[in-house]
Amino acid sequence: MRGLFLPFALLMAGCGLAGSPRCSFDPAQVALGFKKPIRDQQAVHDELQSRYSGARPNETATTNDRQIDAIGEDAWGLRFALQEFLPIGSYPRAIYGWDRRLAEKDVEMSPDSGRQDRLKAVFLQTMFELSPGSHIAASDYTHEVTKLWALTTADEWDTGNQGVEPPALPTIVEQLRATQKSYGSFGKALSDTVNHPDYDDTFERVATSQC
């Protein structure tokens, strides 16, 4: 699943923003750049729904371990998929705190942030404006993905829960279900934003205001 998402930088190549001599980007190109990873992310969740719709803990611990590893691999992919929309950085632990930031609509980037991160921040601000309540949907989904990733990643679990046994498969499957459920509102907000008739104009206005 990790390979399904094209690097955001390739999609956004050539788009200028604050820090450039002038704002020089094509809103239509930016819209197209966001639409593909949105479609891809929906396809991943459709696949997860099909793959795990009947997931039940098996009788042997070895089989359960394999299922946990498989869900962990998917959780890792979901975490990185969020980077197509959130300027959360490349290091996995950088996702922590973004559920709070989204809930507070705190997506301002520092002047020395990279161009792609600033474009993502503009996209989020555009989404907040065109899709009321989307900041809460994004916060909830980011929280659930982060929790699923931490539950299924041994190093993450050990760091925060020293001496506590890792969660069993039923707990992880329950968290997977919560993650899938929370995607519905977030996915709709993403789709509603890029398909909104005012998307291009709003994105351009928000971006230009930061130049």
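Structure values in brief
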| quantity | calculated |
| --- | --- |
| C-alpha center-to-center spacing [region 102-132, region 169-206] in angstrom | 15 |
| Rounded percent of accessible protein surface that carbon and sulfur make up, region 109-195, 1.4 Å probe | 50 |
| Size-normalised alpha-carbon gyration radius of region 108-155, reference 2.2 N^0.38 Å | 1.45 |
| Region 152-211, Cα convex hull volume normalised per residue, Å³ | 122 |
| Within straight-line cross-link reach of residue 147, lysines at Cα separation under 19 Å, skipping those fewer than 8 residues along the same chain | 181 |
| 19 Å Cα-Cα reach of residue 35 towards lysines, excluding residues that sit fewer than 8 places from it in its own chain | 120, 188 |
| Semi-axis lengths (Å, descending) of the ellipsoid that matches the C-alpha gyration tensor of region 75-211 | 30, 17, 10 |
| Per-residue SASA entry for residue 164, accessible area with 1.4 Å probe, Å² rounded to 10 | 80 |
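The values are calculated or read from the model by the stated rules, or taken from the named source; none is laboratory data. Only a predicted model underlies this, so the values are computations on that prediction, with no experimental measurement involved. Ligands, DNA and RNA are excluded from the accessible area calculation, which covers all protein heavy atoms including side chains. Shrake-Rupley method; radii C 1.70, N 1.55, O 1.52, S 1.80 Å.
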